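Take a look at the structure below.
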Amino acid sequence: MHALGIDIGGSGIKGAPVDVETGQLLSARQKIATPQPAKPDAVADVVKQLTTAFSWSGPIGITFPGVVTDGVTRTAANLDPSWIGTDAGTLFAQASGSQVRVLNDADAAGVAEMRFGAGIGQRGTVLMLTFGTGIGSALFTQGILVANTEFGHIEIRGHDAETRASERAKELHDMSWGKWAGRVDEYLQHIEAMLAPGLIIVGGGSASSRISGCRG
């Protein structure tokens, strides 16, 4: 089965067709800058552009940087507040003319890792963390997803963790790799103390090339 995958981020919206049985992309992905302000109608227009660019008429999976329940976006920390309470599933289906499923972006990344990547065969507690515009999280226990965890928003030193340790925070504050890695390490120590995961999988942006997955 093939589907068009679209990832909505705070700085860019990416899309590519994918074989959902193997996890392999079927063509090079395309990226369009996230509209500013990133309001629902403007983002839906980008979804329409990507659907048209791939001449797509089949099912579409869309990942969103926030809590999603039954296609409705409940939070939007790195997008416009007007997303809160939006029926994104219906909005994107109307924009694309296709069947659409919307879910949290880190949850989607975690499911992919559990099926195709580092999480294969792991039955204990597994945590996927994505470092990009924010910090996304996906928690699994006995292979089952605990949806919409949003551990990027735990408080460290009086601030949301992602305002200190995300990739965007590194760029915004012009941090060296060493300083940023120190903040990430502090964040990981908090997470390990909270959850005691058997495996942490790290990805997202340039973080995946600088931080490796680690076992607790």
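The values are calculated or read from the model by the stated rules, or taken from the named source; none is laboratory data. Just so it is clear, the structure is predicted and the values come from calculations on it, not from any experiment. Virtual Cβ from ideal backbone geometry, glycine too; neighbours counted across all protein chains shown. Quick note on the areas: whole protein, heavy atoms, side chains included, nothing else; ligands and nucleic acids left out. Shrake-Rupley method; radii C 1.70, N 1.55, O 1.52, S 1.80 Å.
Run the numbers for Met1 and Asp80: contour at 0.36 nm per residue of separation, minus the present Cα-Cα distance, in nm. Let's see the in-between values first.
Working: separation 79, 0.36 × 79 = 28.44 nm, distance 3.34 nm.
Taking 0.36 nm per residue and subtracting the Cα distance, the gain is 25.1 nm.
State, in angstrom, two size descriptors of the chain derived from its alpha carbons: Rg to one decimal place and Dmax to the nearest whole number.
When restricted to the Cα atoms of the chain, Rg and Dmax are 16.9, 48 Å.
Where in the range 41-76 does the amide nitrogen come within less than 18 Å of the point 7 Å from the Cα of Arg115, taken along Cα to Cβ?
Only 58-64, 70-71 pass the distance filter.
Starting from the Kirkwood Rh over alpha-carbon pairs, what translational D in µm² s⁻¹ does the range 1-114 have by Stokes-Einstein at 37 °C and 0.692 mPa s? Numbers along the way, then the final one.
Details: Rh = 13.8 Å.
Value of D from the Cα-based Kirkwood radius: 238 µm²/s.
Give the carbon-plus-sulfur fraction of the accessible surface of the range 33-164 in %, rounded to a whole number; probe 1.4 Å, heavy atoms of protein chains only. Display every interim value, and only then the final one.
Numbers: 3000 of 5870 Å².
Carbon with sulfur: 51 percent of the solvent-accessible area.
In Å², what does the accessible area per residue of the chain work out to with a 1.4 Å probe? Don't jump to the answer; show the numbers that get you there.
Values: 10410 Å² over 216 residues.
It amounts to 48 Å² per residue over the chain.
Give the residue from Met1, Ala118, Ile32 lying farthest towards the positive end of the charge dipole for the chain; charges sit on Cβ (+1 for Lys and Arg, -1 for Asp and Glu) and the dipole is referred to the Cα centre.
Ala118
Go ahead and set up a Gaussian network model of the chain, Cα springs under 10 Å, then flag whichever of His173, His153, His190 fluctuates most.
Highest fluctuation of the listed residues: His173.
Run the numbers for Ala193 and Lys14: contour at 0.36 nm per residue of separation, minus the present Cα-Cα distance, in nm. Before the final figure, lay out the partial values.
Working: separation 179, 0.36 × 179 = 64.44 nm, distance 3.40 nm.
61.0 nm is the gain from fully extending Ala193 to Lys14.
Using +1 on the beta carbon of Lys and Arg, -1 on that of Asp and Glu, and nothing else charged, what's the dipole of the chain about the Cα centre, debye to 20? Mind showing how you got there, number by number?
On the way: 17 positive and 21 negative charges, 69 e Å.
Computed about the Cα centre, the dipole is about 340 debye.
Tell me the trypsin sites (Lys or Arg not before Pro) within the range 135-206 that lie in a loop according to DSSP and have at most 10 other beta-carbon atoms within 10 Å. Kindly include the intermediate steps, with their values, before the conclusion.
Working: sites: Arg157, Arg164, Arg168, Lys170, Lys179, Arg183; in loops: Arg157.
Answer by residue number: Arg157.
What is the range 1-127's relative contact order, in percent, from Cα pairs under 8 angstrom and six or more apart in sequence?
Working: 234 pairs, mean separation 28.9, N = 127.
23 percent.
Aspartates and glutamates within cross-link reach of Lys48: Cα-Cα under 14 Å, excluding same-chain residues under 8 positions apart?
Lys48 reaches Asp7.
Given the alpha-carbon gyration tensor of the range 53-127, what are the semi-axes of its equivalent ellipsoid in whole angstrom, ordered largest first, with each equal to the square root of 5 times an eigenvalue?
Details: eigenvalues 126, 64, 17 Å².
The answer is 25, 18, 9 Å, longest axis first.
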